Amino acid sequence: MATIRQMKGGDEIGAEAAWDRAYRKLLEEQHLPVLPRTPEAIVHGQRRMGHLLSTDPGGSWVAESNGEIAGVAQAHIRGHTWVLATLGVVAERQDVGLGRQLLDQALAYGDPDSPGAIFSSPDPRAIYRYISAGFAIHPTAAAYGAVRKPVYRQDSVREGSLIDMEIVNDVDTEVRGSGRGSDVEFQLSLGYQLLIDEEGGYAIIRRGRVAMLSALNEDIATRLLLDAVSRCPENDPVDVSWMTSRQQWALRTLALAGVSIHVHESIMTRGSWEPRPPYLPNGIFG
């Protein structure tokens with residue numbers, strides 16, 4: 001018998017382990033690459049859950065079975081926007097209603113009529129739950145792989161720091177309707193890099209991964225993406241996810257750089273959540 005309860009301090013260790021087990025099982029079922037479970041990845045996952053527990057304790061829930069955490073859900077609110085950051089149940093406890101119960105608790109956090117987003121895996125069970133909860137589906141593409149064509153640094157893009165948070169928040173407020181400064185600062189604390197375009201845009205990157213990108217227009221967004229790709233270490237893959245059909249500028253840019261494009265996963269939306277197209281969301285922080 002499992003119980004659903006609010007997450008508390010110290011649950012991050014068990015919650016991260018449960019989420020990792022659930023996600024790895026899903027990747028195996030979908031015949032997708034499974035990355036090594038490194039100490040660094042474990043610490044980052046635990047810190048991410050701790051960060052969201054500190055900012056949104058009312059949106060953080062776990063399923064506990066026989067004294068162990070078997071599932072986790074975390075939702076957060078930034079401005080008027082609700083985002084489901086994490087939902088996962090270990091394989092041996094699936095199909096008994098725990099995922100639905102955890103989702104119900106996360107959905108109950110905040111205004112049910114507010115704009116909302118869920119960054120969904122390709123699991124048909126998850127997609128069914130989200131559509132049943134009133135969310136619309138937007139299939140997405142991801143770019144993953146080597147850069148096979150020349151890409152160069154952009155003169156208008158520079159490395160940023162915490163002193164640029166006003167630019168970050170102003171751009172996000174204009175593009176996505178709310179700032180997420182605490183989440184950007186958290187990403188930087190994990191070793192991610194901030195890129196700034198003075199004309200109005202920023203990107204958060206780590207090696208080849210573009211974790212966030214937000215800009216006032218597509219020209220600025222394209223420059224940021226090109227600069228981010230140009231910084232990818234030679235032996236690392238570029239990794240850009242969650243691009244819908246509205247991000248044609250990003251898909252064109254990555255295709256011209258020779259990076260392989262794959263169609264999988266979906267963004268599920270509620271209400272008016274639809275940032276302007278010069279925007280690449282983050283699967284955790286929206």
From the list (1) 59, 36, 33; (2) 63, 53, 33; (3) 52, 46, 32, can you say which value of Cα extents along the principal axes in Å was derived from the structure given?
(1)
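Keeping all protein chains in place, calculate the accessible area per residue for the stretch 197-286 (probe 1.4 angstrom), answer in Å². Intermediate results must be reported in sequence, preceding the final value.
Values: 3350 Å² over 90 residues.
With the other protein chains kept in place, the stretch 197-286 gives 37 Å² per residue.
Can you tell me, using C-alpha contacts under 8 Å and at least 6 residues apart, the relative contact order of the chain as a whole percent? List each step's numbers first, then the result.
Details: 576 pairs, mean separation 60.6, N = 286.
Once normalised by length, the contact order is 21 percent.
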Applying the gyration tensor rule to the Cα atoms of the stretch 32-84 (axes a ≥ b ≥ c; rounded if a/c under 1.5, else prolate if a/b exceeds b/c, else oblate), the class is oblate
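For Asp95 and Leu188, compute 0.36 nm times the residue count separating them, minus their Cα-Cα distance, and round to one decimal in nm.
Details: separation 93, 0.36 × 93 = 33.48 nm, distance 3.73 nm.
Result for the pair: 29.7 nm of gain on full extension.
So, counting K/R as plus one and D/E as minus one, what does the shell of residues with Cβ under 11 Å around Asp239 add up to?
Numbers: positive: Arg206, Arg207, Arg209; negative: Asp236.
In short, +2.
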Amide N proximity, the stretch 1-38 versus His264 label position 7 Å along Cα-to-Cβ, cut-off under 17 Å
20-37
Roughly what angle does helix 39-55 make with the longest principal axis of the chain, taking Cα atoms, 0 to 90 degrees, to the nearest 10?
80 degrees
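Report the net charge of residues surrounding Arg276, where surrounding means a beta-carbon distance below 12 angstrom and charges are Lys +1, Arg +1, Asp -1, Glu -1.
Taking every Cβ under 12 Å from that of Arg276, the sum is -2.
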Summarise the accessible area of the stretch 134-236 (1.4 Å probe, protein heavy atoms) by the percent that is carbon and sulfur.
47 percent
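Per residue, how much accessible area does the stretch 71-189 have with a 1.4 Å probe, in Å²? Kindly include the intermediate steps, with their values, before the conclusion.
Details: 5580 Å² over 119 residues.
Here the per-residue accessible area is 47 Å².
Arg276 to Ser245: extension gain in nm, 0.36 nm per residue of separation minus the Cα-Cα distance?
Roughly 9.9 nm would be gained on extension.
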Using just the helices of the chain, give the 222 nm mean residue ellipticity in deg cm²/dmol: DSSP H runs with n ≥ 4 each add -39,500 (n - 2.57), and the total is spread over all residues, rounded to 500.
-10500 deg cm²/dmol
Would you be so kind as to identify which of Ile163, Ile131, Tyr109 lies farthest towards the positive end of the dipole of the chain, taking Lys and Arg as +1 and Asp and Glu as -1 on Cβ and the Cα centre as origin?
Ile131
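For the chain, what is the charge dipole size about the Cα centre, in debye to the nearest 20, if Lys and Arg each add +1 at the Cβ and Asp and Glu each add -1 at the Cβ?
Details: 28 positive and 36 negative charges, 128 e Å.
Charge dipole of the chain: 620 debye, to the nearest 20.
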Please tell me the relative contact order of the stretch 65-189 in percent, rounded to the nearest whole number, where contacts are Cα pairs under 8 Å and at least six residues apart.
22 percent
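Name the shape class, rounded, prolate or oblate, that the alpha-carbon gyration tensor gives for the stretch 196-261, where a ≥ b ≥ c are the square roots of its eigenvalues, rounded holds for a/c under 1.5, and otherwise prolate holds if a/b is larger than b/c and oblate otherwise. List each step's numbers first, then the result.
Numbers: a/c = 1.76, a/b = 1.21, b/c = 1.45.
Cα axes put the stretch 196-261 in the oblate bin.
Suppose we keep just the DSSP beta bridges with both residues in the stretch 120-257; what percent of those would be antiparallel, to 5?
On the way: 18 of 19 bridges.
Just about 95 percent of them are antiparallel.
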What is the angle, in °, between the Cα long axis of helix 12-29 and the longest principal axis of the Cα atoms in the chain? Nearest 10 is fine, range 0 to 90.
80 degrees
On a 0 to 90 degree scale, rounded to 10, what angle separates helix 98-107 from the longest Cα axis of the chain?
60 degrees
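Quick check on packing: order 72-84, 133-145 by the mean number of other C-beta atoms within 10 Å, highest mean leading.
Working: 72-84: 24.0, 133-145: 17.2.
Descending mean neighbour count gives 72-84, 133-145.
The values are calculated or read from the model by the stated rules, or taken from the named source; none is laboratory data. Predicted, not measured: the structure shown is a model, and the values here were computed from it. All Cβ positions, glycine included, derive from the backbone under ideal geometry; neighbour counts span all protein chains shown. In case anyone asks, the SASA skips ligands and DNA or RNA and just uses the protein heavy atoms, side chains included. Shrake-Rupley method; radii C 1.70, N 1.55, O 1.52, S 1.80 Å.
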